[in-house]
Structure formats: structure tokens, C-alpha cells
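Single-structure report; data block below.
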Amino acid sequence: MKLTNQYWDYRYKQHQTGWDIGYISAPLKEYFDQLTDNKLKILIPGAGKGWEAEYLFKKGFINTFMLDYSEEAIMSLKCRFPGFPESNLIYDDFFNHKNNYDMIVEQTFFCSLHPSQRVDYVKGVAAMLVPGGKLVGVLFNQIFDKGGPPFGGTKNEYVDLFESNFDIKIMDTAYNSITPRQDQELFINLIKKV
């Protein structure tokens, strides 16, 4: 199975989007509600229908950018929230994207990537973040029976993967995940090493 943009467009067209809970996830909402600097430049890769991007933008974080490989996903946000700036919608492959951000938000993008791409993901995130920039979000802390996506993992794997590029401020079980994901998500707050 090739995880191309056509594959993801098909999943959206067929409403095969089990990762999409239909609103911003509680761990991220709670974190965003604590942010005070609305000048932060924020990227949400693999943003899907853009619930987190919409929430941040409505809170005044106008430098929030949504990136997705699926045109169907981007169109979903455009139809639901036409006030989101066209210039902040990026239709691209994450691995081709080049820019600098203060924060990158992780919400079900990492688990959509084949595990063979994880080292490149970490390098890509680190390259895009300014010194001291943050990678914040949730990662699945479980191994899935089927081949994926989603692709799971464990805290120990993630520590080994991220620690060369990031200081791990938080990587703990999220206490406020939705019921089907209770005790299966890690909230992460990783700071790019200077």
C-alpha cells in the first residue's frame, strides 16, 4: 500500500477517517489555552480537517499554518471555516516543506507515517523549528495489531527517536484523552536543542 495523496483523498471521500474525532482534542486544547504569545508561528502537519488550526486561529494565533497532503482534507476546512486565510493553507508533502516555525503541533500525523519514515520526520521537524522551538502534541502509546495506518509505538521507542534532537520536557500519558484512546496516548512537549 502506497500512502500517496490519492490514498488520503480516497479515505476522506469515503469517510474512512477514524482518526478524526470531529473537534480539537482535549490535550491540545488545554495546552493551547495556556499559550499567551499569539505571535507564535505554528505549523500543523497532516492537519486533516484542521480542527486544531481553526481553534488556534479563532483564539488570535493568526500565524497558524495547516499543511496536508490531501486536497480533500484542506477543502474540508475551507468549506467549514472560510475565514481561515488561503495563504495559511499548505497543500504539500511534509517532507518537501521548508520554512521556520516556533511550534509544530502533532495530532495523528506521526502515526499516519510508515515507521521507516520516522527518522526523516524527526529531522524534518527539527530543521523547521527555530532554536528552542517546540514540538507539542500526542503520540499513540500502543502497538496496533494490523499493519496500519495508524502505526503505533512505545514511549521507549519515541525517547530513543527524539532525544538526539530534542530535550524531552514532557512525554507522559495524557490524562484527558477521549474515551477510546484513554491511557493509549502520550502528551509530548519537546524542545529543539540549541
>> Condition first: touching a helix residue (DSSP H, G or I) at 6+ places or on another chain (Cβ under 8 Å) and surrounded by 14 or more Cβ atoms within 10 Å (Cβ to Cβ). Now tell me which residues in the stretch 79-90 satisfy that.
In response: F81, F84, N88, L89
> Just one of the numbered conditions (1) touching a Pro at 6+ places or on another chain (Cβ under 7 Å); (2) assigned to a strand (DSSP E or B); (3) of a type outside the set (A, V, I, L, M) is not true of W19; which one?
Replying inline: (2)
>> Please go through (1) of a type outside the set (G, A, S); (2) over 16 Å from the mean Cα position of the chain (by Cα); (3) at pLDDT 95 or above; (4) assigned to a helix (DSSP H, G or I) for V130 and return the number of the only condition it doesn't satisfy.
In response: (4)
> Does the stretch 80-89 include one or more residues that are part of a helix (DSSP H, G or I), in contact (Cβ under 8 Å) with a residue 12 or more places away in the chain, over 23 Å from F162 (Cα atoms) and in contact with a strand residue (DSSP E or B) (Cβ under 9 Å, 6 or more places away or on another chain)?
Replying inline: yes
> So which residues in the stretch 91-124 are exposed (fewer than 15 other Cβ atoms within 10 Å of the Cβ) and touching a residue at least 40 places away in the same chain (Cβ under 8 Å)?
Replying inline: D93, N99, N100, H114, V119, K123
>> For the stretch 53-78, give me each residue that is of a type in the set (D, E) and surrounded by fewer than 24 Cβ atoms within 10 Å (Cβ to Cβ).
In response: E54, E71, E72
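The values are calculated or read from the model by the stated rules, or taken from the named source; none is laboratory data. Every value quoted in this text rests on a predicted model; they were computed, and no experiment measured them. Note: ideal-geometry Cβ built from the backbone for every residue, glycine included; neighbour counts use all protein chains shown.
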